[in-house]
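Chemist: What follows is a single structure, and I will ask about it in a moment.
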Amino acid sequence: MTDHLDPLDPVTDLLMREPGLDDRGFTDRVLAALPPRRRDPRPLVLGAAGLAAAAIGAASLPAALEEAAGALASLAPAALLAPSLLGSSLFLAAMAAAGAAAFAGLSLSRGD
């Protein structure tokens with residue numbers, strides 16, 4: 001049995017060619033005429049939102065700390081480990097960690 005290479009069929013021949021059509025420079029002219037890319041406003045918006053959240057937190061923190069200290073002082077030490085309070089604390093900690101990870105992931109994916 002002799003092995004011989006069959007000539008390429010027309011479909012394979014078309015697939016092996018350089019893609020595209022001869023548009024006589026039309027695509028290059030259109031791309032050159034496009035306006036420059038705009039800056040992405042997301043980092044500015046996220047930064048402003050973060051500053052606003054920090055300002056609100058700083059303004060409300062003293063009152064919240066006083067309330068928390070008063071509430072903790074009225075609790076017995078065993079009540080601090082109650083499942084409802086412990087579960088809420090763990091949930092809030094997990095949400096804060098998830099938010100920080102999402103923000104870090106957004107920054108890393110954008111190359112900032």
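Chemist: Look at Leu51 and say whether it is modelled with pLDDT of 85 or more and outside any loop (DSSP other than H, G, I, E, B).
Modeler: Spelling it out, Leu51 is indeed modelled with pLDDT of 85 or more and outside any loop (DSSP other than H, G, I, E, B).
Chemist: Please indicate, with yes or no, whether at least one residue in the stretch 97-105 is within 30 Å of Arg39 (Cα to Cα), at pLDDT below 75 and not aromatic (Phe, Trp, Tyr).
Modeler: Yes: the stretch 97-105 contains one or more residues that are within 30 Å of Arg39 (Cα to Cα), at pLDDT below 75 and not aromatic (Phe, Trp, Tyr).
Chemist: Checking the structure you have, find out if any residue of the stretch 69-90 is out of contact with any Pro (no Cβ under 9 Å at 6 or more places or on another chain), of a type in the set (S, T, N, Q), at pLDDT below 70 and surrounded by fewer than 10 Cβ atoms within 10 Å (Cβ to Cβ).
Modeler: Yes, the conditions are met somewhere in the stretch 69-90.
Chemist: Please work out if Leu21 is of a type in the set (A, V, I, L, M), at pLDDT 70 or above and either assigned to a helix (DSSP H, G or I) or surrounded by 10 or more Cβ atoms within 10 Å (Cβ to Cβ) (or both).
Modeler: Taking the combined requirement at face value, the residue does not satisfy it.
The values are calculated or read from the model by the stated rules, or taken from the named source; none is laboratory data. No experiment lies behind these values; they were computed from the predicted model shown. So basically every Cβ, Gly included, is an ideal-geometry build from the backbone, and we count neighbours across all protein chains shown.
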